[in-house]
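Written out below as structure tokens is the structure these notes cover.
The values are calculated or read from the model by the stated rules, or taken from the named source; none is laboratory data. The structure displayed is predicted, hence computed values, not measured ones. Every residue, glycine among them, receives a Cβ derived from its backbone with ideal geometry; neighbour counts consider all protein chains shown. The area values use the complete protein model at the heavy-atom level, side chains included, leaving out ligands, DNA and RNA. Shrake-Rupley method; radii C 1.70, N 1.55, O 1.52, S 1.80 Å.
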Amino acid sequence: MLNVEDFPKFLSEYSPSETKNLQYIYEHNAYFNEEEVPQFHLTHSYPFDEFYPTEVFFKRNNRFASYGVHRHNYVEMSYVYEGTIKETINGKEIELMKGDLLILDTHTKHSIKYTTKNDMMINFGLSDNTFKNNFFSVFSNNNLVMSFVLNSLYESKKNQSYLLFKNCNDEIRYFLSKIAVEFMNGTKEKNLIV
């Protein structure tokens with residue numbers, strides 16, 4: 001079982017997808033032309049249940065690739081663990097640095113530019129039911145984050161937006177690492193932990 005202290009090492013190791021991306025780049029000498037690197041072409045909106053059949057999911061962002069414009073029908077929370085991530089949200093490019101936490105509203109169009117070995121980001125997807133069943137009893141409506149969540153779930157989708165928290169403290173880093181480890185270890189209470 002993975003523990004929180006080993007999580008940084010886990011993130012720095014190449015996943016099978018990252019190994020394939022590197023192999024492609026090496027075989028095609030694509031380091032010199034970003035247009036030739038692997039790109040995940042994601043079009044339209046992908047239903048929550050299609051890829052992630054649970055209320056909450058965790059995944060790490062694959063490096064050595066870029067992600068084309070896409071959107072989700074769930075709230076996506078991304079934390080930059082190391083490096084720099086260049087993301088375009090509704091046509092506006094932002095640069096995420098180590099320690100930044102980004103929360104994307106449902107159906108917000110976004111893309112990610114090519115990431116390198118040192119660019120590590122972890123992602124959590126949270127379905128509408130997660131908030132309805134777990135969070136509403138915990139947070140007050142006066143809270144900035146809860147106001148954002150309520151708006152994203154129940155208000156018009158005209159506001160496709162995001163929240164960006166710059167340079168979060170080490171306690172946030174530890175907390176998100178702990179949640180990710182619980183998911184990876186298959187803890188039964190993982191949805192409640194979030």
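Find all pairs meeting these conditions: Cβ atoms under 8 angstrom apart; at least six residues apart or on different chains; first residue within the stretch 54-71 and on the phi > 0 side of the Ramachandran plot and at pLDDT 85 or above; second residue not in a strand (DSSP E or B) and not hydrophobic (A, V, I, L, M, F, W, C). Pairs found: Phe64/Glu18; Phe64/Asn21; Phe64/Pro38; Phe64/Tyr114; Phe64/Thr115; Phe64/Thr116; Phe64/Lys117.
Return yes when Asn167 is modelled with pLDDT of 70 or more, assigned to a loop (DSSP other than H, G, I, E, B) and open to solvent by 70 Å² or more (accessible area, probe 1.4 Å) and no when it is not. Judged against the criteria, Asn167 is a match. Considering Glu95, Glu82, Glu87, the condition of being under 25 Å from Asp170 (Cα atoms), among the charged types (D, E, K, R) and open to solvent by less than 10 Å² (accessible area, probe 1.4 Å) is satisfied by Glu87 alone.
Does Ile122 satisfy the condition of being part of a strand (DSSP E or B), of a type in the set (Val, Ile, Thr) and in contact with a Lys or Arg (Cβ under 6 Å, 6 or more places away or on another chain)? Here the answer is yes, as Ile122 does meet what is asked. Close Cβ contacts (under 6 Å, 6 or more residues apart or on different chains) running from residues in the stretch 9-25 that are under 24 Å from Val181 (Cβ atoms) to residues that are open to solvent by less than 70 Å² (accessible area, probe 1.4 Å) and not hydrophobic (A, V, I, L, M, F, W, C) comprise Leu11/Tyr81; Ser17/Asn62; Glu18/Asn62; Glu18/Arg63. Select from the stretch 51-79 the residues that are open to solvent by less than 10 Å² (accessible area, probe 1.4 Å) and of a type in the set (A, V, I, L, M) and list them in ascending order. Val56, Ala65, Val75, listed by residue number.
For the stretch 2-21, name all the residues that are within 19 Å of Gly83 (Cβ to Cβ), part of a helix (DSSP H, G or I) and of a type outside the set (Gly, Ala, Ser).
The answer is Phe7, Pro8, Lys9, Phe10, Leu11, Glu18, Thr19, Asn21.
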